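The values are calculated or read from the model by the stated rules, or taken from the named source; none is laboratory data. These figures come from a predicted structure and were not determined experimentally. When we count neighbours, we look across all protein chains shown, and the Cβ atoms used for this are built from the backbone with ideal geometry, even at glycine. These accessible areas exclude ligands, DNA and RNA; they are computed on the full protein's heavy atoms, side chains included. Shrake-Rupley method; radii C 1.70, N 1.55, O 1.52, S 1.80 Å.
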Amino acid sequence: MPIRVKADLHTHTIYSDGEGEPRDVIISALNRGISVLSITDHDTFKGSLKALELIRNDEKLRRNNLIFIVGNEVRTVNGDVLVLCREYPGSDDVPRLIPEILDWVSENNCIAVPAHPYDILRHGIGDRVRKYKWHAIEVFNAGALPIFNWRAARAASELGLPGLANSDAHVPELVGVAYTVFEVEDLTAESIFKALLNNNVKAVAHYPSPGLLIKRISWSVRRRLRRINPAV
Ligand SMILES: [Zn+2]
């Protein structure tokens, strides 16, 4: 009997430009009924590693049976790509050129998913979604404008690729705003990868409520101010 689980595979923590600690992101995911989570800090697996350590050492977190996927949002020279792995690949040293990333993920038992590919405001890779062979495409990003998400969904459907919906939360409260439903055989990370590669997934597109949108905008303003004055 297949099991349906909700996944958010694109979130950020203090290990890149997010507001929350990995613990805050995990708790927020659990509160929203997310059973599969990845922390995808920019150009580092550090947030994911911290989350794995927390889950391993915290009895309460472990009891929730959260399936955690190790992740990293890599800024390639052409735009952002989510790298999702079955286990920590051993370093943050992921190549920055798309053909090399695709070789790297297959050598490291990971998958590569263009993040918000048509978002011209946030480093989407654009039509390179059609030029290279990806495992899936982020077809809905809760921070992207509808037109950009629509173009990503159209590309995935034309290419016959699985589509993911993710929050891209930089503030813990936004985790799980958008999510993907996975149909799996059992509650393991391996089953999640299998369901994704077999396209047993359904993107559930939701934008944040006005209250959450204000939180996101306020974090993004504070983040920019901190770059000018770290004491803010
Ligand atoms: Zn992101």
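Filtered by the rule that a residue be touching a residue at least 40 places away in the same chain (Cβ under 8 Å), within 16 Å of the ligand (Cβ to nearest atom) and open to solvent by 20 Å² or more (accessible area, probe 1.4 Å), the range 29-45 gives a lone residue, Asp43. The residue that is least open to solvent (accessible area, probe 1.4 Å), counting only those in the range 46-57 that are touching a residue at least 24 places away in the same chain (Cβ under 8 Å) and more than 14 Å from the ligand (Cβ to nearest atom), is Ala51. Within the range 100-118, residues that are over 23 Å from Ala169 (Cβ atoms) sit with their Cβ atoms under 6 Å from residues that are at pLDDT 95 or above and of a type in the set (Lys, Arg), at 6+ positions apart or across chains, in these pairs: Asn109/Arg86. Among the residues of the range 151-200, those identified as open to solvent by 70 Å² or more (accessible area, probe 1.4 Å) and either under 26 Å from Trp219 (Cβ atoms) or modelled with pLDDT under 95 (or both) are Glu173, Glu185, Leu187.
Which residues, counting only those in the range 75-131, are aromatic (Phe, Trp, Tyr) and either within 16 Å of the ligand (Cβ to nearest atom) or more than 16 Å from the chain's Cα centre (by Cα) (or both)? Those that are aromatic (Phe, Trp, Tyr) and either within 16 Å of the ligand (Cβ to nearest atom) or more than 16 Å from the chain's Cα centre (by Cα) (or both): Trp104, Tyr118.
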